[in-house]
Amino acid sequence: MNDKCAVIMIGIQGSGKSEYVKNNIPPEYVRISLDEVNTRNRERLLMEKCFREGLSFVIDNTNPTAEERARYILPARENGYIITGIFMQSRIKDCVERNNKREGKKRIPSKAIAATSNRLEMPDYAEGFDELYFVQIEEGRFIKSEWRQGDEV
């Protein structure tokens, strides 16, 4: 059985992606986040290291469009990974509220959240996902369900 997994997080800023990763993705998965590696080149090098060493990883970025998700899905598929997409419910009002509780550089302008929301494309199995999930936050808890076409933002 193939145990090399690539998890692609999807959702606007403040949707709870990083918190979900921290609490629900196995700790042995390499977390790849542009917020931490700072450049696409470093991101690519870290992903290539995962491929070489057969390490599972999670991409913890907004990944709002199919085109942006393809930069991870295609090489992961070529390297024999099982690819899981996790779409975080992305209601602007809720995301802005969560963002306003952030401190320092972690807090971003509300208009950046709105701009990402405007670019957000619903994921689809046709992009190359083996598994696809929808996650909502209810009363501070993550509720994960199988993806259904037409799930609400």
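So what are the chain's ellipsoid semi-axes, whole angstrom, largest first, if each one is the square root of 5 times an eigenvalue of the alpha-carbon gyration tensor?
24, 18, 15
Which value, in Å² rounded to 10, gives the accessible area of Y133 with a 1.4 Å probe and all protein chains present?
Answer for Y133: close to 40 Å² accessible.
What is the gain in length, in nm to one decimal, between K144 and E53 on full extension, counting 0.36 nm per residue of separation less the C-alpha to C-alpha distance?
29.8 nm is the gain from fully extending K144 to E53.
Once phi is turned into θ = phi - 60°, what whole-Hz ³J(HN,Hα) does the Karplus curve with 6.51, -1.76 and 1.60 give for every residue of the range 6-13, x standing for Gly and Pro?
10, 10, 10, 7, 9, x, 6, 4
Pick from G54, G128, G104: which residue has the top mean-square fluctuation in a GNM of the chain where Cα pairs under 10 Å get a spring?
Result for the chain, Cα springs under 10 Å: G104 fluctuates most.
Nearest 20 debye, what's the magnitude of the dipole of the chain about its Cα centre given +1 on Lys and Arg Cβ and -1 on Asp and Glu Cβ?
Dipole magnitude for the chain comes out near 680 debye.
For the pair N23 and E131, how long in nm is the line joining their label points, each one 7 Å along Cα→Cβ?
1.9 nm
The range 99-153 to the range 1-23: how many Å between their Cα centroids?
Taking the Cα centre of each part, the range 99-153 and the range 1-23 sit 10 Å apart.
With labels modelled as points extended 7 Å from the Cα through the Cβ direction, what inter-label distance (nm, one decimal) is found for A70 paired with E121?
Computed distance between label sites A70 and E121 equals 0.7 nm.
With all protein chains present and a 1.4 Å probe, how do F142, F57, F51 order by accessible area, largest first?
These residues rank, largest area first, as F142, F51, F57.
The values are calculated or read from the model by the stated rules, or taken from the named source; none is laboratory data. As the structure is a prediction and not an experimental result, all values here were calculated from the model. Backbone-built Cβ (ideal geometry, glycine too); neighbour counts: all protein chains shown. The area values use the complete protein model at the heavy-atom level, side chains included, leaving out ligands, DNA and RNA. Shrake-Rupley method; radii C 1.70, N 1.55, O 1.52, S 1.80 Å.
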